[in-house]
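The values are calculated or read from the model by the stated rules, or taken from the named source; none is laboratory data. This structure is a prediction, so every number in the text was calculated from the model and none was measured. Every residue, glycine as well, gets a Cβ built from its backbone with ideal geometry; the counts of neighbours run over all protein chains shown.
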Amino acid sequence: MVVYGPDDVKLADNTACASIRADLKICLLNSPCCKVDRKTPRQCLKEGQISDECHQLRQIFFECKRSLLDNRRRFRGLKGY
């Protein structure tokens, strides 16, 4: 489960997909693959040993990054969550 902090806390990264990236990092670092098996988040992603929640965050992050390149979506606005 994603734990949200207070609203007054700001990320140092202000890019379009920064909040999704931060949530994905936290989800991966809290996964049993990183904690118990002592693997890097990149290794866990490549091997597919992530929870459904982390997989969904990865898909949302991919869609956010793809929406930055699509000119039609740029005029409609970024997909947030």
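Would you confirm whether or not segment 25-38 contains a residue that is more than 13 Å from the chain's Cα centre (by Cα), modelled with pLDDT under 90 and of a type in the set (Val, Ile, Thr)?
yes
If a residue has to be in contact with a Leu (Cβ under 8 Å, 6 or more places away or on another chain), in contact (Cβ under 8 Å) with a residue 12 or more places away in the chain and of a type outside the set (Lys, Arg) to count, how many in segment 25-59 make the cut?
Summing the residues that are in contact with a Leu (Cβ under 8 Å, 6 or more places away or on another chain), in contact (Cβ under 8 Å) with a residue 12 or more places away in the chain and of a type outside the set (Lys, Arg) in segment 25-59 gives 8.
Does any residue of segment 34-41 turn out to be among the hydrophobic types (A, V, I, L, M, F, W, C), assigned to a helix (DSSP H, G or I), surrounded by 14 or more Cβ atoms within 10 Å (Cβ to Cβ) and out of contact with any strand residue (DSSP E or B) (no Cβ under 9 Å at 6 or more places or on another chain)? First the steps, then the outcome.
Here is the first cut: in segment 34-41, the residues among the hydrophobic types (A, V, I, L, M, F, W, C) are 34, 36.
Next cut, assigned to a helix (DSSP H, G or I) only: 34.
Still in the running and surrounded by 14 or more Cβ atoms within 10 Å (Cβ to Cβ): 34.
Narrowing further to those that are out of contact with any strand residue (DSSP E or B) (no Cβ under 9 Å at 6 or more places or on another chain): 34.
Scanning segment 34-41, I find at least one residue that is among the hydrophobic types (A, V, I, L, M, F, W, C), assigned to a helix (DSSP H, G or I), surrounded by 14 or more Cβ atoms within 10 Å (Cβ to Cβ) and out of contact with any strand residue (DSSP E or B) (no Cβ under 9 Å at 6 or more places or on another chain), so the answer is yes.
Across segment 42-81, which residue is modelled with the lowest pLDDT among those that are part of a loop (DSSP other than H, G, I, E, B) and within 22 Å of residue 12 (Cβ to Cβ)? Spell out the reasoning first.
Just the residues of segment 42-81 that are part of a loop (DSSP other than H, G, I, E, B), to begin with: 48-51, 70, 77-81.
When the remaining residues are screened for being within 22 Å of residue 12 (Cβ to Cβ), the result is 78, 80-81.
Details: 78: 59, 80: 58, 81: 55.
My answer is 81.
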